[in-house]
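Structure record follows, encoded as structure tokens.
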Amino acid sequence: MTGAADLRQTLRDIEVFAGELPGFDPSTAPDTPFELFTEWLLKALSAGVQEPHAMTLATADAKGDPTARVLILKDVSLRAGNSPRTRAASTAGTSPPALMRR
């Protein structure tokens, strides 16, 4: 079992949030969340962040049971989701509805 114990210690030794985290002053933020998100995404892309378009979306059903899935961002738009997948998510009992697009 030394392999498992070594792996456990190796994982615990990994530095989390290495370096200084960027500051955030809400008073200097853009007017809309859309602008702020696109600003952050473009900064991540220019900084060479791997897979900045990958994210985990978590929702809960009417009973409060959570579910999560990994999504790949394919577009950014101000339009609200109106695809068949969005309508399916909103009727599947997720709260709040997950806005997904093909």
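Where a number appears in this text, it was derived from the coordinates with a stated rule and is not lab data. Because the structure is a prediction, the values reported are computed rather than measured. With ideal geometry, Cβ positions are generated from the backbone for all residues, glycine too; neighbour counts draw on all protein chains shown.
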Output wanted: per-residue J couplings in Hz (rounded whole) for the range 70-77, from phi through Karplus 6.51 cos²θ - 1.76 cosθ + 1.60, θ = phi - 60°, x for Gly and Pro. 8, 10, 10, 5, 10, 7, 10, 8
Can you give me the long-range amide H partners of residue 73? Hydrogens built in the peptide plane at 1.01 Å from N, cutoff under 5 Å, separation of 5 or more residues or another chain. 54, 55
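Taking the mean number of other Cβ atoms within 10 Å as a proxy for protection, how do you rank 35-43, 58-66 from highest to lowest? Working shown, then result.
Details: 35-43: 12.8, 58-66: 10.3.
Answer by packing, highest mean first, reads 35-43, 58-66.
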